[in-house]
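Structure, as structure tokens:
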Number of protein chains: 2
Amino acid sequence: MKEATLKEIAEKLGISITTVSKALKGYPDVSLKTKDAVISLAKKLNYSPNSFAVNLRTKESKTIGLIIPEIVHHFFSNVINGIIAEAEKNGYLVIILQSNESLELEKKQVALLINKRVDGIIISLSNESNDDSHLKEIIARKIPFVQFDKIAKLIHSSKVVINDQIAARNAVQHLIDNGYRKIAHIRGPLNPQNAIDRFIGYKKALEINNIPFDASLVYTCEKVTFQEGIDFAKQIMTDHPDVEGIFAITDLVAVGVLSYFNDIGIKIPEQVAVIGFSNWFMSQVLTPKLSTVDQPSHEMGVASFKLLLEEMNCHKKEIPFTPRTIELETKVIARESTFKKK
Amino acid sequence: MKEATLKEIAEKLGISITTVSKALKGYPDVSLKTKDAVISLAKKLNYSPNSFAVNLRTKESKTIGLIIPEIVHHFFSNVINGIIAEAEKNGYLVIILQSNESLELEKKQVALLINKRVDGIIISLSNESNDDSHLKEIIARKIPFVQFDKIAKLIHSSKVVINDQIAARNAVQHLIDNGYRKIAHIRGPLNPQNAIDRFIGYKKALEINNIPFDASLVYTCEKVTFQEGIDFAKQIMTDHPDVEGIFAITDLVAVGVLSYFNDIGIKIPEQVAVIGFSNWFMSQVLTPKLSTVDQPSHEMGVASFKLLLEEMNCHKKEIPFTPRTIELETKVIARESTFKKK
């Protein structure tokens, strides 16, 4: 079918081409009546006011893809917030995909985004991701690419991270400084780098303070859930009734521990002190208020988009770009759940 | 510049056109080596393996737009989760935009999505939205369109909602059944329909139980935040020291109330009972555990996408579609913060 031009529509309605174009783009300074007339004539004439056509010419989609493990998650929803706020400022739209912690889904989603020809991709890896061929594919295609938080270290892309080892070491040091020495660690799964690094941080803090490492005090989450916090709290009290402190991989798990202890009447921190990680909103409203490590999630989103934008701009102008890693600061937030031992 | 064809690339590399096409689309059954060769030759020849070109032919983008007021929000992140899960099942990508409760931004975002030629739009309105010309524009352009939760009643689109009046009436009835009669209401802003409906539900419950309505017991949030919960709790205790119960527009505000009462030692529910709305995750782990109204957020997302898909399919086949409204069930979740008065 032959497609009509803006000029034809303008001539038939006796208005300017600019007005037709504005009407089709939804500009607010064209009346609804004119818009209706333009749209219905355009439809009749089979005119297609097409952003894809524009994209074909400019080879830019002004759209980026974001893949994260989970949306209903205080940390990730804050990162998304940072990314889309910064993207919007710069005229980019964000397609959001959720891998549900599945490597298979993550690979499929990368292929989808490549095929969709997004201008750039931001990823935080799923817990299952131990194969990086899909990430290599992004690099091979020279698509601007940023990894954040859960990253593949060996992939040569820009990265936005925290220092998980130091952050975890500080959390455990805080427990030790407040008088707790027999400390259990509820860690994340064996594969993700940040779970490994937080575990190393835990061990280092013990080492620095001459506390012997006891592998039986380490409990490994499969899914990193609230329920696992409850279950491991119970298990820890059975295995080590004399435990003095617990460091959990993330607040959600720590909240499970708190919830179990509150229900069965174990006093926090008098009997067991608890510290989490990430500073989820709810941590400040629990009883007792939960100590944690503040991880700048919104800033992480902003920094990730900014790095991506830099690379997209170089890509557009065919200027070489050298990937960079940005490391953001964390800090221990001391609250009631780790008050100094009396 | 002349663009190369798949055939040229295939001939030059001595492989089949299918392999070239698969390599460009990122199929896993083509080796990385072949992919690299295809991509670098395609780049050299200025070939553009373009999903936009496909889109131009099919006039489908397989992408929908979603506009919500806030992402860092337990209810909305659950809805998004439902929408993208269902979209993914059906081969659609979702562009997510956040209006930040601003009508101006919401209008701009609708224009963006129209211009981007998404196949459909799902919206939950910002608190400011009291002008619906941008929604009329979506209808005028015959773009498949679903509103959920915060809707413009008079716009003739599909809708996925709960019955806010009945849900709120049930929440207040629960307080009354448990022995609390002097009940304050911390309501949402004056404009959004769901805030109006929950307020009407509150009034109806009082009326049914022959409790005179007292306008001085109603407090109006501007932003519906945790901080407003704290501030209004303080205000209520000053204005009405004999208040027996509080019904808050949403759990986030109720958690502010709880937090303030816990801090200054007001016993919940012995001195004041508290009920929220929406069943945020944290409500079950607070001390005391917060009673609330369960609102099926994930299901709301799934239902919204399903309705949109139905309309998109009709649209594609040029079959007329009549917008429908789906009303989902809610229920009161009774927890410690509203235990029966002794």
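No lab work stands behind these numbers, since they all come straight from the coordinates. Quick caveat: nothing in here was measured; it's all calculated off a predicted structure. Don't worry about glycine lacking a Cβ; one is built from the backbone with ideal geometry, like all the others, and counts go over all protein chains shown.
Worth a mention:
- Between B:GLY245, B:ILE200, B:SER297, the Cα set farthest toward the positive side of the dipole of chain B (charges on each charged residue's Cβ, about the Cα centre) is that of B:SER297.
- Taking a Cβ cut-off of under 14 Å around B:ALA273, the surrounding Lys, Arg, Asp and Glu residues balance to a net charge of +3, with basic ones at +1 and acidic ones at -1.
- Folded to 0 to 90 degrees: helix B:251-264 orientation relative to chain B principal axis, Cα: 50
- Under a Gaussian network description of chain B, with springs only between Cα atoms under 10 Å, the residue in B:VAL38, B:VAL243, B:VAL224 that fluctuates furthest is B:VAL38.
- Three-way shape label, the range A:138-184, alpha-carbon gyration tensor, a/c 1.5: prolate
- Once Rg and the Kirkwood radius are both taken over the C-alpha atoms of chain B, their ratio Rg/Rh works out to 1.14.
- Between copies, the label points of B:ILE264, set 7 Å from Cα on the Cα→Cβ line, lie 3.7 nm apart, reported in increasing order to one decimal in nanometres.
- Cut-off 11 Å between beta-carbons: net charge of the residues surrounding A:GLU244, Lys and Arg +1, Asp and Glu -1: +1
- Candidate aspartates and glutamates for bridging to A:LYS234, where Cα separation is under 20 Å - those fewer than 8 sequence places away on the same chain excluded: A:ASP214, A:GLU222, A:ASP242, A:GLU244, A:ASP251, A:ASP263, A:GLU270
- Entries in B:LYS108/B:LYS204; A:LYS340/B:LYS340; A:LYS33/B:LYS153 that, when Cα-Cα distance is taken, lie over 28 Å: B:LYS108/B:LYS204; A:LYS340/B:LYS340
- Packing-based exposure ordering (other Cβ within 10 Å, fewest first) of B:GLU88, B:GLU104, B:GLU299: B:GLU104, B:GLU299, B:GLU88
- Prolate/oblate/rounded label for the protein assembly as shown (Cα gyration tensor, a/c 1.5): oblate
- Label 7 Å beyond Cα on the Cβ vector: B:ASN191 copy-to-copy distances, nm: 4.6
- Take B:ALA215, push a point 7 Å out from Cα through the beta-carbon direction, and compare it with the same point in every other copy: 7.2 nm, smallest first.
- FRET efficiency, 1/(1 + (r/R0)^6) with R0 22 Å, evaluated for B:ILE266 and B:ALA334 via beta carbons: 0.60
- Across the range B:10-15, rounded Karplus estimates of 3J(HN,Hα) from the backbone phi angles (6.51 cos²θ - 1.76 cosθ + 1.60, θ = phi - 60°) give 4, 4, 4, 9, x, 10 Hz, Gly and Pro being marked x.
- 3J(HN,Hα) along the range B:113-118: 5, 4, 5, 6, 6, 5 Hz, from the Karplus curve 6.51 cos²θ - 1.76 cosθ + 1.60 with θ = phi - 60°, whole Hz, x for Gly and Pro.
- Table column - 3J(HN,Hα) (Hz), the range B:136-150, Karplus curve with 6.51, -1.76, 1.60, x for Gly and Pro: 4, 4, 4, 5, 4, 8, 6, 8, x, 8, 10, 9, 9, 6, 9
- Think of each Lys and Arg Cβ as +1 and each Asp and Glu Cβ as -1; about the Cα centre, that makes the dipole of chain A roughly 1320 debye.
- The C-alpha atoms of chain B define a longest principal axis, and helix B:193-208 lies at about 30 degrees to it.
- Under-5 Å amide H pairs with A:LYS62, H placed in peptide plane, nonlocal only: A:ASP119
- Inter-part distance, the range B:90-148 to the range A:276-303, computed on C-alpha centroids, equals 32 Å.
- Listed residue pairs exceeding 26 Å between alpha carbons, taken from B:LYS44/B:LYS116; B:LYS159/B:LYS331; A:LYS22/B:LYS142: B:LYS44/B:LYS116
- Taking amide H positions as modeled 1.01 Å from N, with prolines and chain starts lacking one, the residues under 5 Å from B:TYR219 and 5 or more places away or on another chain are B:HIS185, B:ILE186, B:ARG187.
- Legend: calculated FRET efficiency, B:LYS316 to A:GLU60, from the Cβ-Cβ distance at R0 = 30 Å, rounded to 0.05, equals 0.65.
- Interchain or long-range residues, amide H under 5 Å from A:PHE145's placed H: A:ILE121, A:SER158
- Value of Rg/Rh across the range A:6-49 [Cα atoms, Kirkwood radius]: 0.90
- Angle in degrees between helix B:297-317 and the longest Cα principal axis of chain B, rounded to the nearest 10: 40
- Inter-chain shielding of A:76-86 (mean C-beta neighbours from other protein chains, 10 Å cut-off): 3
- Neighbours of A:ILE200 by Cβ distance under 12 Å: Lys/Arg scored +1, Asp/Glu scored -1, total +2.
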